[in-house]
Amino acid sequence: MLIKLNSKIISVLPIAIAVNIACVLIWLLNITDQSMPLILGVIAASLVDLDHRLSGRLKNIFYTVIAFSISSLVTQYFLNQGIWFVLAMTGMTFLFTMVGAVGQRYSTIAFGTLVVSLYTTLAYLPDTPWYINPLMILSGTLLYSFITVTVHLCFPNRPLQEKISRAFVALADYLDAKSVFFDPDDVEQLSQKQLTLAMKNSQVINVFNECRTALFYRMQDNNRYSYTSKMCRYYMSAQDIHEKANSSHFDYKTLATQLKNSDLIFRIQRLLELQAQACRDIAQQLQKNQDFQPHFRLERAISGISQSFELYSQQHNASPELVHIKTLLDNLRNIHCQLQSLSQPIHEPEQRTIYSENITGLGKILQRIGQHFTFQSPLFRHAMRLSLVVLICCSLVEYFHLQTDRGYWILLTIIFVCQPNYSATKLRLKQRIIGTILGVIVGSLLPYMTSTLEAKLAVVVMASTLFYFFRSNNYSYSTFFITIQVLASFDIMGFDIYAALLPRLIDTLIGTALAWFAVSYLWSDWKYLQLNNVISQLMKSNANYLLYIISHLQFGKGDDLKYRIVRRHAHDNATVLSTTISNMNNEPKKYTQHLQQGFELLKLNTALLGYISALGAYREQMQKLTQDVYFLSEFYPIAKKIIELLNKMTTLSAVQFNDLFQPINISIKNSLEQNDLLSSVFNMPMQQLNLIAQLLPSLYAAIPQTATQTIQDNKHEIISA
């Protein structure tokens with residue numbers, strides 16, 4: 001059955017079918033001179049193909065055709081007009097890059113539109129009528145669009161299914177990273193475990209965001225089909241599992257030491273590993289369109305861990321950690337229940353709402369773009385950097401009359417290689433060079449292997465398909481195959497393939513060198529790297545996350561959608577911090593002096609999120625809390641002081657911090673000393689506040705030092721400039 005096809009095969013079906021049809025038309029109509037723009041039109045359309053429901057896809061195609069038409073016609077009109085062409089290309093580069101501020105759909109179409117303008121220059125032939133290139137590019141675009149809509153009708157749910165599957169794989173990796181915290185023989189590696197967990201958490205959040213966007217587009221206008229509702233249910237369960245797994249109830253080093261000689265800690269670790277495997281099973285069965293059936297070992301592990309805890313609690317009934325271990329086991333049982341629920345049929349559609357920012361209307365779009373007109377915006381710096389390089393490159397091509405030698409390959413290389421940050425650009429340029437060199441070597445053998453038009457067209461089909469297949473997971477392979485495709489297209493059009501080999505290689509080397517120079521010296525990211533801004537947003541989102549939980553506990557009600565939004569913002573900002581530190585780690589060594597503080601901050605924030613998440617997972621107990629007068633008079637005032645401190649943390653002096661922290665610390669100690677007056681229901685949230693409070697001094701010690709040094713460096717860079 002078609003539905004059994006591998007997902008990777010399904011993803012390349014549109015490009016494979018479209019290029020095959022294009023090559024058949026070239027062969028039947030004998031239009032070899034127009035083969036390149038037709039194939040490039042297909043490839044350009046594949047670059048802007050976005051996952052959406054049917055009506056959304058049709059809307060994207062409409063916008064794409066309009067954008068491609070304008071771009072190709074404007075480029076064709078200004079070709080060979082000297083300074084006007086240079087200005088037109090520079091202006092389009094800046095405009096299309098800035099459109100990325102609006103959202104993924106606009107960003108993707110804008111990038112494809114910029115690529116189309118370059119494809120128009122590359123396919124230009126002086127003797128060809130002016131309308132041929134734009135017409136053939138648009139024909140290729142429409143051909144691919146028709147095929148991709150057809151494939152979507154055959155496999156409407158496959159892209160969403162793939163995203164949900166990847167979410168459970170990322171969740172499994174996260175659970176595995178969490179399980180190593182319960183290894184009693186490896187307690188000295190806690191710091192490295194926290195960093196690994198932070199990185200895995202970032203991967204989970206990134207995949208969750210992709211799932212959320214895909215679900216949002218499919219559920220607009222109240223379109224809730226049964227399969228979409230099922231995938232929404234899986235996504236919500238994955239979020240709930242992540243929340244429970246993210247919860248931290250104690251210091252892991254202390255716990256591992258206390259439970260070292262008990263089988264309980266090993267059972268906890270094993271259960272997390274089994275739950276991780278269950279997540280992988282869900283991902284695999286989603287790929288196969290099969291229903292998930294949990295392994296019997298999972299049920300046995302739950303039963304065994306309950307018996308082990310009962311025995312441990314009898315032997316250590318005075319242990320202060322007992323209530324936290326119980327809460328941890330409750331969270332693990334909750335994860336088990338979520339996994340079990342996914343094996344049960346649903347009787348009603350998922351009613352929970354998916355939220356995603358969707359900017360509509362010209363006014364809002366212009367407002368969003370206008371907000372990025374500052375050098376503090378990475379997007380604006382990238383647009384300025386890319387536009388300046390395009391200006392220089394086009395000027396050189398026009399001045400030295402390199403059009404006939406395909407000098408615009410330099411420009412195409414720059415557009416594809418130059419990324420918004422240094423580390424991504426450095427990786428891209430290495431991959432581009434390697435792929436081009438190998439492509440030129442293999443391409444030089446094409447005349448010996450393809451003596452007929454049919455064979456050359458077959459190479460174009462194969463190379464175009466493999467280019468698309470590898471474009472998102474191995475850029476070196478992708479570059480290799482597109483080089484083969486271009487050389488084969490030149491051969492079909494009657495050009496001397498050997499005359500194109502050396503220019504292709506030289507243009508790639510020049511383009512990568514210019515891209516490296518641009519990202520290294522034109523408004524370099526490290527000159528604008530403001531960890532203090534990242535940290536400030538991070539602390540405020542953590543404070544908002546805790547505030548919503550406390551409000552929910554205090555008033556006994558809360559909006560699930562708003563809770564998930566504030567929780568997501570906290571994790572998104574943690575991911576921003578992780579990405580920032582990762583970028584710093586790949587920047588020139590002289591700019592990485594803050595790296596160690598960044599890693600320390602990342603570890604501390606991971607612990608803080610875990611403590612806050614534990615309170616979030618505890619919301620179900622709120623009815624018991626609201627009946628306790630002592631709880632109301634002690635817990636909430638302390639919690640609100642902690643929230644205030646988190647909000648202000650990046651702006652406080654050491655004296656101010658101490659003045660705010662000491663009352664919190666004293667209040668918590670007084671409350672915990674009266675533990676005999678408190679119920680276990682009250683003790684758990686107070687202990688969580690204590691864990692959060694004990695983390696605050698270390699968090700503050702990392703923040704001011706990092707932020708102050710970054711500000712001083714920024715001032716020094718500005719003065720030097």
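The values are calculated or read from the model by the stated rules, or taken from the named source; none is laboratory data. Note that the coordinates shown come from a computational prediction; the quantities given were computed from them, not determined experimentally. Every residue, glycine as well, gets a Cβ built from its backbone with ideal geometry; the counts of neighbours run over all protein chains shown. Heavy atoms of the whole protein, side chains included, go into the accessibility calculation; ligands, DNA and RNA do not. Shrake-Rupley method; radii C 1.70, N 1.55, O 1.52, S 1.80 Å.
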Q) Which residue, of PHE208, PHE168, is at pLDDT 90 or above, touching a Cys at 6+ places or on another chain (Cβ under 7 Å) and of a type outside the set (A, V, I, L, M)? A) PHE168
Q. Any residue at all in the range 517-538 that is of a type in the set (A, V, I, L, M, F, W, C), open to solvent by 40 Å² or more (accessible area, probe 1.4 Å) and part of a helix (DSSP H, G or I)?
A. yes
Q | Test result for ASN474, closer than 30 Å to THR651 by Cα and open to solvent by 20 Å² or more (accessible area, probe 1.4 Å) | A | no
Q: Only helices (runs of 4 or more DSSP H) wholly contained in the range 394-456 count here; list those with 3 or more residues that are open to solvent by less than 40 Å² (accessible area, probe 1.4 Å) and touching a helix residue (DSSP H, G or I) at 6+ places or on another chain (Cβ under 9 Å).
A: 408-417, 422-443
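Yes/no per residue for (1) open to solvent by 30 Å² or more (accessible area, probe 1.4 Å); (2) over 21 Å from THR465 (Cβ atoms):
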residue: GLY103; (1), (2): no, yes
residue: TYR131; (1), (2): yes, yes
residue: VAL149; (1), (2): no, no
residue: LEU160; (1), (2): no, yes
residue: PHE168; (1), (2): no, yes
residue: LYS178; (1), (2): no, yes
Q: Output yes when any residue across the range 50-65 is closer than 17 Å to MET136 by Cβ, open to solvent by 50 Å² or more (accessible area, probe 1.4 Å) and modelled with pLDDT of 90 or more, and no when none is.
A: no
Q. Looking at the range 1-94, what helices (runs of 4 or more DSSP H) fall wholly within it and have at least 2 residues that are within 30 Å of SER165 (Cβ to Cβ) and in contact with a Phe, Trp or Tyr (Cβ under 8 Å, 6 or more places away or on another chain)?
A. 7-29, 35-47
Q) So which residues in the range 6-22 are open to solvent by 10 Å² or more (accessible area, probe 1.4 Å), out of contact with any Ser or Thr (no Cβ under 6 Å at 6 or more places or on another chain) and touching a residue at least 40 places away in the same chain (Cβ under 8 Å)? A) SER7, LYS8, ILE10, SER11, LEU13, ILE17, ASN20, ILE21
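Okay, residues lined up against (1) under 29 Å from SER578 (Cα atoms); (2) at pLDDT 90 or above:
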{"residue": "SER226", "(1), (2)": "no, no"}
{"residue": "PHE250", "(1), (2)": "yes, no"}
{"residue": "LEU259", "(1), (2)": "no, no"}
{"residue": "SER262", "(1), (2)": "no, no"}
{"residue": "LEU272", "(1), (2)": "yes, yes"}
**Q.** Some residue of the range 66-83 being more than 27 Å from ILE392 (Cα to Cα) and not basic (Lys, Arg)
**A.** yes
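Here's the yes/no breakdown for (1) more than 33 Å from the chain's Cα centre (by Cα); (2) at pLDDT 90 or above; (3) among the hydrophobic types (A, V, I, L, M, F, W, C); (4) surrounded by fewer than 15 Cβ atoms within 10 Å (Cβ to Cβ):
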| site | (1), (2), (3), (4) |
| --- | --- |
| PRO294 | no, no, no, no |
| ASN317 | yes, no, no, yes |
| LEU328 | no, no, yes, no |
| ASN331 | no, no, no, no |
| ILE335 | no, yes, yes, no |
| ILE346 | no, no, yes, yes |
| GLY361 | no, no, no, yes |
Q: Scan the range 651-664 and give yes if some residue there is in a helix (DSSP H, G or I), at pLDDT below 90, buried (at least 16 other Cβ atoms within 10 Å of the Cβ) and not hydrophobic (A, V, I, L, M, F, W, C), otherwise no.
A: no
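Residues checked against (1) hydroxyl-bearing (Ser, Thr, Tyr); (2) more than 21 Å from SER145 (Cα to Cα):
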{"position": "ASN60", "(1), (2)": "no, no"}
{"position": "ILE66", "(1), (2)": "no, no"}
{"position": "SER69", "(1), (2)": "yes, no"}
{"position": "LEU73", "(1), (2)": "no, no"}
{"position": "GLN76", "(1), (2)": "no, yes"}
{"position": "ASN80", "(1), (2)": "no, yes"}
{"position": "TRP84", "(1), (2)": "no, yes"}
{"position": "GLY91", "(1), (2)": "no, yes"}
{"position": "THR97", "(1), (2)": "yes, yes"}
Q: Hey, can you tell me all the residues within the range 117-130 that are out of contact with any Asp or Glu (no Cβ under 9 Å at 6 or more places or on another chain) and touching a residue at least 40 places away in the same chain (Cβ under 8 Å)?
A: SER117, LEU118, TYR119, THR120, THR121, LEU122, ALA123, TYR124, TRP130
Q: Say whether the condition of being closer than 26 Å to GLN192 by Cα and at pLDDT below 80 is met by at least one residue in the range 618-639.
A: no
Q.
Regarding the range 497-514, can at least one residue be identified that is in contact (Cβ under 8 Å) with a residue 24 or more places away in the chain, small (Gly, Ala, Ser), touching a helix residue (DSSP H, G or I) at 6+ places or on another chain (Cβ under 9 Å) and open to solvent by less than 40 Å² (accessible area, probe 1.4 Å)?
A. yes
Q: Scan SER229, SER262, SER313, SER306 and give me the residue that is over 25 Å from ASP183 (Cβ atoms) and of a type outside the set (Phe, Trp, Tyr).
A: SER229
